[in-house]
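The values are calculated or read from the model by the stated rules, or taken from the named source; none is laboratory data. These figures come from a predicted structure and were not determined experimentally. Cβ atoms come from the backbone with ideal geometry, glycine included; neighbour counts cover every protein chain shown.
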Amino acid sequence: MNTQQNMEERLWEYIDGTCSAEEKSFIEQLIESHREWKEKYHELLDVHQLMQNSLELDQPSMRFTRNVMEEIGKHHIAPAAKSYINKKIINAIGAFFILSIAGFLIYIFGQFNWSLGNSNTNNIAVNVEKFELSKLMSSTSMNVFLCVNVILGLMLLDMYLTRKKKQTFKV
């Protein structure tokens, strides 16, 4: 099978005229001396002539472009994003994240030990030495806060996707 395929490739190169001069003379000798090469050459030559003579490209009709454009016009085209994105949902998502960040910052500042410094200067000194971030992140209240925020975020996403799905099926 591989030699048959190799023979066809070499004969097609010979018929198309893409082979080198040495290859051309070698293939001519093979066609003259071997019966199977000669038969395959005539078979491929007939196919080549048939393709050149009887293959005509079909021309599209004069109204082809107009017909296509009319068919496209029959279908419902999606509206611009501005018309189907509800701004209330975008605002709710933004408010959710802003409140989450604000709550996190309030919690962190609540963990600081604010103490009055020297009574003569009335400066507020922050006792940062006792503040440990690992204690903050491993506390139960922080875990509960994060879990509640994740659950609320997933609920908000579910409401948005359900509303979007209903709008898609209405149209």
Do we have Gln49 as part of a helix (DSSP H, G or I), of a type in the set (S, T, N, Q), modelled with pLDDT of 90 or more and surrounded by 10 or more Cβ atoms within 10 Å (Cβ to Cβ) here? no
Matching residues in the stretch 90-116 (surrounded by 12 or more Cβ atoms within 10 Å (Cβ to Cβ), more than 14 Å from Leu146 (Cα to Cα) and modelled with pLDDT under 85) number 2
Consider Thr65 carefully, then state whether it is loosely packed, with under 10 Cβ neighbours inside 10 Å, modelled with pLDDT under 90 and in a helix (DSSP H, G or I). no
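Would you confirm, using the coordinates I've provided, whether Lys82 is at pLDDT 80 or above, on the phi < 0 side of the Ramachandran plot and among the charged types (D, E, K, R)?
no
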Taking Met142, is it touching a Leu at 6+ places or on another chain (Cβ under 7 Å), surrounded by 10 or more Cβ atoms within 10 Å (Cβ to Cβ), at pLDDT 65 or above and not hydroxyl-bearing (Ser, Thr, Tyr)? yes
Within the stretch 20-61, of all residues that are under 50 Å from the mean Cα position of the chain (by Cα) and among the basic types (Lys, Arg), the one farthest from Met7 (Cα to Cα) is Lys24
